[in-house]
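Asker: Would you mind keeping the following structure in view while I ask a few things?
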Amino acid sequence: MLNEMTQDAAERMQKSLDALVTNFKKIRTGRAHPSILEGVQVPYYGSNVPLSQVANISVEDGRTLSIIPWEKPMVPVIEKAIMTSNLGLNPATAGENIRVPMPPLTEETRKGYIKQARQEAESARVSIRNIRRDENGDLKDLLKEKEITEDDLRRGEDQIQKITDKFVAEVDVLLEQKEKDLMEI
């Protein structure tokens, strides 16, 4: 029973970590990377679909993304979707090819992105701690119902705390990497 609870806690904490990685991808660094456009939705035959499903996205050079739509009429639609995505990107069209230059980050925008990354990391830490609290509460409920002993309770709390510490450390490592990427010129 304790193993199931610790495994459940680890799986839920991993989901929090995965969500943090996804959120970090949305914070752009000075370099071009296709994941920056991951959240862009494009209207396509009556429904919104991710940009990657209607075009090929590639890195042209360190600071430029190249988007080649699979259908020519999609060029203006994709261009409009990128402009309205609140990413601060201005695409330039050359025939069927859309180029998206990455504007260089100023010191001020870098600090803003670092602040945003720290907030995302703190949200992930809070989520992980909430999972720990929930699991410890479940353990205490089992103790009240006499399904586990006090020794099992302590052992379970220790295991969940070790898992929590591991995931919080992973969050810190990811945040450190993101800050390093953002401060690189």
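The values are calculated or read from the model by the stated rules, or taken from the named source; none is laboratory data. Computed from a predicted model, the values in this text were never measured in an experiment. Every residue, glycine as well, gets a Cβ built from its backbone with ideal geometry; the counts of neighbours run over all protein chains shown.
Asker: Looking at (1) assigned by TED's automatic domain parsing to the domain that holds Arg125; (2) in contact with an Asp or Glu (Cβ under 6 Å, 6 or more places away or on another chain), which is the one condition that is false for Pro91?
Answerer: (1)
Asker: To continue, here is another question. Residue check: is Asp152 at pLDDT below 90, farther than 27 Å from Val59 by Cβ and either assigned to a helix (DSSP H, G or I) or among the basic types (Lys, Arg) (or both)? If you could, list the steps in order and put the result at the bottom.
Answerer: On the way: at pLDDT below 90: yes; farther than 27 Å from Val59 by Cβ: yes; either assigned to a helix (DSSP H, G or I) or among the basic types (Lys, Arg) (or both): yes.
So Asp152 passes the test.
Asker: Show the residue pairs meeting these rules: Cβ distance below 6 Å; 6+ apart or different chains; first residue within the range 43-59 and over 18 Å from Met83 (Cα atoms); second residue not in a strand (DSSP E or B).
Answerer: Val59/Ala32
Asker: Sticking with this one: When you scan the range 31-50, how many residues do you find that are buried (at least 16 other Cβ atoms within 10 Å of the Cβ), touching a helix residue (DSSP H, G or I) at 6+ places or on another chain (Cβ under 6 Å) and within 25 Å of Asp181 (Cα to Cα)?
Answerer: Looking only at that region, the number is 2.
Asker: Right, another one. Scan the range 60-72 and report the pairs whose first residue is within 17 Å of Ile36 (Cβ to Cβ) and whose second residue is polar (S, T, N, Q), with Cβ atoms within less than 7 Å and a gap of 6+ or a chain change.
Answerer: Listed by first residue and then by second, the contacts come to Glu60/Ser66; Ser66/Ser58; Ser66/Asn97; Ile68/Asn56; Ile68/Asn97.
Asker: Further question on the same structure: Six or more apart or on different chains, Cβ under 8 Å: which pairs go from a residue in the range 25-41 that's farther than 17 Å from Asn90 by Cβ and free of Cβ contacts under 8 Å to residues at least 24 places away in the same chain to one that's surrounded by fewer than 16 Cβ atoms within 10 Å (Cβ to Cβ) and acidic (Asp, Glu)? Could you list them?
Answerer: Taking only residues 6 or more apart or on different chains, the pairs are Lys25/Glu38; Lys26/Glu38.
Asker: How do the pairs read when you match residues in the range 153-181 that are not assigned by TED's automatic domain parsing to the domain that holds Gln116 with residues anywhere that are exposed (fewer than 12 other Cβ atoms within 10 Å of the Cβ), using Cβ under 6 Å and keeping only pairs 6 or more apart or on different chains?
Answerer: Hits for this filter: zero, empty list.
Asker: I've got another one for you. Is there a residue in the range 129-145 that is in a helix (DSSP H, G or I), closer than 14 Å to Met13 by Cα and of a type in the set (A, V, I, L, M, F, W, C)?
Answerer: Checking the range 129-145: at least one residue is in a helix (DSSP H, G or I), closer than 14 Å to Met13 by Cα and of a type in the set (A, V, I, L, M, F, W, C).
Asker: Provide a single number: the residues in the range 58-80 that are touching a strand residue (DSSP E or B) at 6+ places or on another chain (Cβ under 7 Å) and of a type in the set (Asp, Glu).
Answerer: Residues that pass the stated criteria total 2.
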